[in-house]
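Novice: Have a look at the structure that comes next, please.
The values are calculated or read from the model by the stated rules, or taken from the named source; none is laboratory data. Every value quoted in this text rests on a predicted model; they were computed, and no experiment measured them. Every residue, glycine as well, gets a Cβ built from its backbone with ideal geometry; the counts of neighbours run over all protein chains shown. Note: accessible area is taken over every heavy atom of the protein model, side chains too, but ligands, DNA and RNA are not part of it. Shrake-Rupley method; radii C 1.70, N 1.55, O 1.52, S 1.80 Å.
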Amino acid sequence: MTAMPSNNPLRVLGIETSCDETSAAVVECPVAATGTVTGPGKILSNVVLSQIEEHAAFGGVVPEIAARAHVEALDGIVAAALHDAGLGLADLDGIAVTAGPGLIGGVIVGVMTAKALAFGAEKPLVAVNHLEGHALTARLTDGIGFPYLLLLVSGGHTQILLVKGVGDYERWGTTIDDAVGEAFDKSAKLLDLGFPGGPAVERHAASGDPGRFDLPRPLLGRAGLDMSFAGLKTAVRLAAEKAAPMDRQAVSDLCASFQEAIADVLANRVGRAIDRYRERFPGKPINVVVAGGVAANQAIKGRLTAIAAETGATLIVPPPHLCTDNGAMIAWAGAERLARGQDDGTEFSPRSRWPLDEGADPTLGHGKQGVKV
Ligand code: KG4
Ligand code: ZN
């Protein structure tokens, strides 16, 4: 037997362990008398422990190391999140946990912990799709209504989605090979800039000439909203070989050229998505949300801001600590579902793959690495 939600706003604990951040958070979610979530919400606590140092020596996330680190840290992180929020388990209306997609060892750690907590405290438990956590964050931060466009750009996924409602998504475009963050990480690795690569590439690009290297804009001339980044990564490798030995300026110029190529592709695809949205919803406001670690990139953000301004859309980019993986986004997505009466109990299974739009055709590269999402 679980207790039904009674507080308004709802108070939900969220647990995230699907990649290399161990995180727990408590959020408040306002619900109208009709049962509609009104948003924005309030973050009472959001404790995030990054494992970057554990994985840096290997140049990427090592699943076994990640799972073990989650086991060691999670209990303390949950206790800290409750402590920071000034609440006990009994004060919660429910618990939410990332049940996929992600590295299965880490997902299992989070799910088992959440099940034990929910069972012991007799609370509802919601199995959250990690991607839905990213997708709904702008409702937590800005309280925006449905529908809206979402550009999800992280280490494991690159997608343009129409968000029509909770659990109601249409995937309009996706990468057919590497994710954008993956392209940043791989290019950084071959230029010896360390892990994670995105911030390092952006730092070097700041003093570089984006016009020095002529890199491709894959799929740009083609119809549709799909993207491709594997060829760009190869072009970076070839350019680096040709320009060897590269001095510091050459590295900066190559980073700037690479970043510009990515920004061109993303701006083009988002511009097209805005056109399609306008045709489908004439006269409706156009909100474009950007989520995922790559949203922290100022050059990319600048280009997307410009394309939104040109097309009369509003760009919403949650703050960087809510764009990267965190427990608050999972707590919020769980709260939205809890408000609709969802309780998954303790019988559900963790999933390594779990597309948001289950009806969309599987695409090469869609979570191919299964690492970050
Ligand atoms: O969202 P995130 O923390 O994890 C998931 O993938 O879910 O995203 C991490 C990715 C990494 O590939 C990282 O290199 C990239 O986001 N990233 C960036 C920047 N900061 C992080 N890429 C470009 N520019 C940045 N400033
Ligand atoms: Zn993520």
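Novice: Of the residues Val61, Val37, Val48, Val12, which single one is in contact with an Asp or Glu (Cβ under 8 Å, 6 or more places away or on another chain), modelled with pLDDT under 90 and not small (Gly, Ala, Ser)? Before the answer, list the steps.
Specialist: Values: Val37 fails: modelled with pLDDT under 90; Val48 fails: modelled with pLDDT under 90; Val12 fails: modelled with pLDDT under 90.
Going through Val61, Val37, Val48, Val12 in turn, just one is in contact with an Asp or Glu (Cβ under 8 Å, 6 or more places away or on another chain), modelled with pLDDT under 90 and not small (Gly, Ala, Ser): Val61.
Novice: Just name the residue that is farthest from Thr17 (Cα to Cα) out of those in the range 101-119 that are of a type outside the set (A, V, I, L, M) and surrounded by 18 or more Cβ atoms within 10 Å (Cβ to Cβ).
Specialist: So in the range 101-119, the residues of a type outside the set (A, V, I, L, M) come out as 101-102, 105-106, 110, 113, 115, 119.
If we keep only those that are surrounded by 18 or more Cβ atoms within 10 Å (Cβ to Cβ) as well, we get 101-102, 105-106, 110, 113, 115.
Details: Pro101: 10, Gly102: 8, Gly105: 9, Gly106: 5, Gly110: 6, Thr113: 10, Lys115: 14 Å.
Residue satisfying both the conditions and the ranking: Lys115.
Novice: Can you go through Gly198, Gly208, Gly224, Gly194 and tell me which one is crowded, with 19+ Cβ neighbours inside 10 Å and not in a helix (DSSP H, G or I)? Quick ask: steps written out before the conclusion?
Specialist: Working: Gly198 fails: not in a helix (DSSP H, G or I); Gly224 fails: crowded, with 19+ Cβ neighbours inside 10 Å; Gly194 fails: crowded, with 19+ Cβ neighbours inside 10 Å.
That would be Gly208, the only listed residue that is crowded, with 19+ Cβ neighbours inside 10 Å and not in a helix (DSSP H, G or I).
Novice: Hey, another quick one. Can you list the helices (runs of 4 or more DSSP H) lying wholly within the range 52-139 that have 3 or more residues being within 16 Å of ligand 2 (Cβ to nearest atom)? Let's see the steps before the verdict.
Specialist: Numbers: elements: 52-56, 63-85, 104-121.
The qualifying helices (runs of 4 or more DSSP H) are 63-85, 104-121.
Novice: Filter the range 141-157 down to residues that are open to solvent by less than 10 Å² (accessible area, probe 1.4 Å), away from ligand 2 (no atom under 12 Å from the Cβ) and not aromatic (Phe, Trp, Tyr), then give me how many there are.
Specialist: Residues that pass the stated criteria total 3.
Listed here are the residues, each with its yes/no results for (1) within 11 Å of ligand 1 (Cβ to nearest atom); (2) under 18 Å from the mean Cα position of the chain (by Cα); (3) surrounded by fewer than 15 Cβ atoms within 10 Å (Cβ to Cβ); (4) part of a loop (DSSP other than H, G, I, E, B).
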position: Glu279; (1), (2), (3), (4): no, no, yes, no
position: Lys284; (1), (2), (3), (4): no, no, yes, yes
position: Val289; (1), (2), (3), (4): no, yes, no, no
position: Lys301; (1), (2), (3), (4): yes, yes, no, no
position: Leu322; (1), (2), (3), (4): yes, yes, no, no
position: Ala328; (1), (2), (3), (4): no, yes, no, no
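Novice: Between residues in the range 140-156 that are over 21 Å from Phe281 (Cα atoms) and residues that are of a type in the set (Phe, Trp, Tyr) and outside any strand (DSSP E or B), which pairs lie under 6 Å by C-beta distance while being six or more apart or on different chains?
Specialist: Qualifying pairs under 6 Å: Leu140/Trp332.
Novice: Name the residues in the range 303-320 that are in a loop (DSSP other than H, G, I, E, B), of a type outside the set (A, V, I, L, M, F, W, C) and within 16 Å of ligand 2 (Cβ to nearest atom), would you?
Specialist: Keep residues of the range 303-320 that are in a loop (DSSP other than H, G, I, E, B), which gives 312-313, 317-319.
Those still in the list that are of a type outside the set (A, V, I, L, M, F, W, C) too: 312, 318-319.
Of everything in the range 303-320, those that are in a loop (DSSP other than H, G, I, E, B), of a type outside the set (A, V, I, L, M, F, W, C) and within 16 Å of ligand 2 (Cβ to nearest atom) turn out to be Pro318, Pro319.
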